[in-house]
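Structure record follows, encoded as C-alpha cells.
The values are calculated or read from the model by the stated rules, or taken from the named source; none is laboratory data. Remember, it's a predicted structure, so these values are computed and weren't measured experimentally. Note that we place each Cβ from the backbone using ideal geometry, even for glycine, and neighbour counts take in every protein chain shown.
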C-alpha cells in the first residue's frame, strides 16, 4: 500500500495542523492536509494519500530516473545494433 | 497525468524488461510487501514480463488482509450500535468477520459510511454532535500520519464524540517474520515506496545486513517496479545485500520528519495480531495513554473481546510467500471474491483476489513477449 | 490463542449463504448476475429472456415492437449533468435504441417518500419533460405512489418503453460473429465519477458532468445507413467491461480490446487515480458499443461521428472465436490481462 498520487497545489490556506491545500489531480480538485509538508508552495506537486500530503515530488529526481532509463534504452539499441546480444 | 504517465511509457518498459532479462542469469525470488504494488503488478501484467526464473511473491502488504478477524468483529459490534456513525475506508467493508462483515451491518440498518480520508470522519463528528463517530483506522505507516492528524485535530477541537478503532501495522517486523519463517525462500525485497516516504529507510539496513537480503525502496508505476526488480537482480547477481532507493522522487532516507513527529505524539509501538501470522511483537501502533479518550475499544468496552479463528483459509501461507493462491484447495471453488474465506480474497489488493481476477484464465503458454 | 503457535492460519467461518439482499446485488457485477440466473430468470423462463439483451423484441399482430423497463434509484437525486428524471427518460430511450427500435412511448411510475419537497418533484418532472421532448418520445401512462418517511430515499422512478423496431435483422449477442469490430461511442466513466463527486464523504471538485444523454438518433442513423449492426449495448452500471463480458459469455466468443484506444477524459482519469477505480467498470448513461462487420467500420464510424453525442467514437477491439467467454485487454504497456466481472460495486480503496 498505498494508493497515493501526485497532484498540483492550486492554493493554500490555514496554518499548522490545519494547513490545507486545494490540490488538482488532472483537473479533479480535492482538499489535502499539508501540515507535514511545510515547505510546499503553490505550484508544487505533492504525493497525497487519503487526503494527506506525504511528500513534495522532487522534479529533479524524477527527471534523473527517466534520464537513466532513456540512456539505458539507447545503450541497449546500440548493443543490439552490433548484433551480438540475444535480446528477448 | 504528470509524474504518472511518464512512468507508464511502453518503450521504457521494453527497455527495462530487456535489462532484467539480460541481468538475471540465475533463479531469484523477490517479494514485494505492498498491496498497491501487488495491484499494479497484476493490472499491468508486470510479472508476466519477467524471465521465468525470476519469481515475484506478494507478501503481507495489504493492511486490509492482515487486519485480524477479531478487529473486524469489534468493528461490526460497534457499527451495529444505534446512534453510532461508523466510518471506514471502502476496502474494509467486505472483509469477513466471524459471522458478518460491515456491509451486512449496513444492510441491517447500521450507519456505516465510506470515507476517503480520516479527516472527513472528523468533519462528520463535528457535524453530528449527538452521535458517536468512530473511524476504522487501518493501515501501514503510510496511513498513520493521516490517522494521527485526525485524532490530533479532534483533541484540539475538544471533540468528545470521535474515536478511532485502531488496526495499524508496521512493515519492518513483518519482513522479519517472513524471513524467520521456516521454508522461507525470499532472497530480496521491494520495500513499499509510500511507507518509506513517511518513515524513510534507515530501519531496513539492519535487516539487509542480518539476513543478507537486498532491499530496494520501490514506487508504484510499471517503470518503478521493473527498475526496482532490476536493482534487486543486479545486487543478487553480485552477491550484495544493500538498501537502495528507486523511488527517489518521493522518498528521502530520513523520510518525512514532521509526519513521524506527529505519529509519535499520538501513537506508540505495541504488539499487534496479524491475520495469517498471529501476534508479532512490536509490530503495531496503538494510541498513547493521553489519547485514551479517543480509543474506540475502550469507549465501547470491546477491548477484551477475542475471536476464535479456524478454517481452511491458507492466507497465512500466501502472505508469507510459502504458497501461491492457486495452490490453496479452496481457491476459486469454495473461496472466491463473492464468498471469500479470508481477507486475501476480499481485498482488491489481496494476492488471492488479484490472482482470481487477473490470472485464473492465464493461458498455458506462460510468459508474454512484447 | 496458544502463544507457541507461530503459524496460525487465521480465518473466519465461510459466509457462503447470504440470507439477505445486499447492495452488491444491484451493482451490475457478478452477484447481480448470479441473482438473476438463480432466482429471477427461472421464475419467468421464456425464449425472450434467453436473449439476455437490454430489451425484448416481441411481435404483436405482425408489428415488431421493442419493450423494455428500468428503475432509477440514484442518490443524490440531482448531480452535475443530470438528475433522476433525465436518467429515467434517457435510460429507457437508450435501451429501446439498443434493440434497433425507434423509441415512441414511455410509462413513468413515481414512488415518492413522504416529506419530499413539492419543488423537488416539480424539478424532476420538468427534467423528464425536457428529455422526453428532446428524445421525441411521449410519456403516455404512469403511476404515482407515496411511501412512509424513511422508506424511500426521496424518490424512485420506474420507466417502461415501447418502440418500433427499425432493424430488419435481429440485434443482440446472438448475432455477434468472430471478426466483428467493436465501436465505442465516446469517452467512458463520466457518470460514475459525477455521482461520486456529490456523494457524501468523497468531496471532489471538478467541472465534470454526467454523460446522461439519449443515443437513439445515432443508432437509428446507423440502421438507416444500412450498416449491418450485429449487436448494441448501452454501458450503464458495471461499465464497459461488464457489458463486454456479458456479451462474450452470452455469445460464447472471445473479445479483445486495447486500452490505448479507449477514450477517458482527464478529470475521470484523475478521479480514478485518487479513488483507485478502474474506468472500465464505471457507470455511463450516454455511451454504447456497437458490433459491426469489419468491412463496414469506416462507414459506421463516419455516421456515428456525425452526431455530437458520438463525436469521439472509436474502434476499441474485435471479436474472435477463441478462447471463448473471455475478454482480454491489451494494456498501454503492451501486456495482456483478462477482464473479470466485479463482485459488486467498486469501492474507494487505500492501497
remark   = Filtering region B:241-287 down to residues that are away from chain A (no Cβ under 14 Å), in contact with a helix residue (DSSP H, G or I) (Cβ under 8 Å, 6 or more places away or on another chain) and either part of a helix (DSSP H, G or I) or over 23 Å from residue B:73 (Cα atoms) (or both) yields B:241, B:242, B:243
ask   = Only one residue in C:157, C:195 is within 19 Å of the chain's Cα centre (by Cα), surrounded by 21 or more Cβ atoms within 10 Å (Cβ to Cβ), closer than 17 Å to residue C:82 by Cβ and modelled with pLDDT under 95. Which one?
value = C:195
Counted residues, region C:44-78 - those being more than 30 Å from residue C:198 (Cα to Cα) and outside any loop (DSSP other than H, G, I, E, B) = 15
query = Quick check: is even one residue across region A:52-61 more than 8 Å from every other protein chain (Cβ to nearest Cβ), modelled with pLDDT of 95 or more, in a helix (DSSP H, G or I) and out of contact with any helix residue (DSSP H, G or I) (no Cβ under 6 Å at 6 or more places or on another chain)?
reply = yes
message = Give me the residue from region A:7-16 that is in a strand (DSSP E or B) and more than 9 Å from chain C (Cβ to nearest Cβ) and, out of that set, nearest to residue C:266 (Cα to Cα).
response = A:8
ask   = Restricting attention to region A:38-51, which residues are buried (at least 18 other Cβ atoms within 10 Å of the Cβ), touching a helix residue (DSSP H, G or I) at 6+ places or on another chain (Cβ under 8 Å) and in a loop (DSSP other than H, G, I, E, B)?
value = A:50, A:51
ask   = What are the residues in region B:230-240 that are buried (at least 18 other Cβ atoms within 10 Å of the Cβ) and either outside the structural domain of residue B:167 (by TED's automatic domain parsing) or out of contact with any helix residue (DSSP H, G or I) (no Cβ under 7 Å at 6 or more places or on another chain) (or both), if any?
value = B:231, B:232, B:235, B:236
task = Hey, can you tell me all the residues within region A:12-49 that are in contact (Cβ under 8 Å) with a residue 24 or more places away in the chain, more than 14 Å from the chain's Cα centre (by Cα) and over 20 Å from residue C:208 (Cβ atoms)?
result = A:12, A:21, A:34, A:41, A:42
query = Somewhere in region B:157-168, is a residue modelled with pLDDT of 95 or more, away from chain A (no Cβ under 14 Å), more than 21 Å from residue B:86 (Cβ to Cβ) and touching a helix residue (DSSP H, G or I) at 6+ places or on another chain (Cβ under 6 Å)?
reply = no
ask   = Can you tell me how many residues in region A:20-37 are facing another protein chain (nearest Cβ under 7 Å), buried (at least 24 other Cβ atoms within 10 Å of the Cβ) and over 11 Å from residue A:7 (Cα atoms)?
value = 2
task = Might you check whether a residue that is at positive phi and modelled with pLDDT under 95 occurs anywhere in region C:275-293?
result = yes
message = Could you check region B:296-314 and list, in sequence order, the residues that are within 12 Å of chain C (Cβ to nearest Cβ) and either at pLDDT below 70 or touching a strand residue (DSSP E or B) at 6+ places or on another chain (Cβ under 9 Å) (or both)?
response = B:308, B:309, B:310, B:311, B:312, B:313, B:314
request  = Give me a count of the residues in region B:71-87 that are in contact with a strand residue (DSSP E or B) (Cβ under 7 Å, 6 or more places away or on another chain) and modelled with pLDDT under 95.
outcome  = 2
task = Report, by residue number, each residue of region B:72-83 that is closer than 9 Å to residue B:97 by Cβ and either free of Cβ contacts under 8 Å to residues at least 40 places away in the same chain or within 11 Å of chain C (Cβ to nearest Cβ) (or both).
result = B:72, B:73, B:76
ask   = Failed condition for residue B:86, given (1) more than 10 Å from chain C (Cβ to nearest Cβ); (2) farther than 25 Å from residue C:202 by Cβ; (3) not in a helix (DSSP H, G or I), with all others met?
value = (2)
inquiry  = Please go through region B:9-42 and give me each residue that is closer than 25 Å to residue B:64 by Cβ and at the interface with another protein chain (Cβ under 7 Å from one of its Cβ atoms), ordered by number.
reply    = B:34, B:35, B:36, B:39
message = Regarding region C:323-334, can at least one residue be identified that is more than 14 Å from every other protein chain (Cβ to nearest Cβ) and either in contact (Cβ under 8 Å) with a residue 60 or more places away in the chain or surrounded by fewer than 19 Cβ atoms within 10 Å (Cβ to Cβ) (or both)?
response = no
ask   = part of a loop (DSSP other than H, G, I, E, B) and either facing another protein chain (nearest Cβ under 10 Å) or on the phi > 0 side of the Ramachandran plot (or both), is that true of residue B:100?
value = yes
task = Determine if region B:56-64 includes at least one residue that is in the same structural domain as residue B:172 (by TED's automatic domain parsing), assigned to a helix (DSSP H, G or I) and modelled with pLDDT under 95.
result = yes
ask   = When you go through B:121, B:137, B:146 one by one, which is the residue that is within 26 Å of residue B:261 (Cβ to Cβ), within 11 Å of chain A (Cβ to nearest Cβ), in a strand (DSSP E or B) and touching a strand residue (DSSP E or B) at 6+ places or on another chain (Cβ under 7 Å)?
value = B:137
note = All-but-one check, residue B:199 against (1) touching a strand residue (DSSP E or B) at 6+ places or on another chain (Cβ under 6 Å); (2) within 22 Å of residue C:349 (Cβ to Cβ), failing number (1)
ask   = Quick check: is even one residue across region C:237-250 closer than 21 Å to residue C:167 by Cβ and out of contact with any strand residue (DSSP E or B) (no Cβ under 7 Å at 6 or more places or on another chain)?
value = yes
message = Please count how many residues of region C:112-138 are surrounded by 13 or more Cβ atoms within 10 Å (Cβ to Cβ) and closer than 30 Å to residue C:226 by Cα.
response = 6
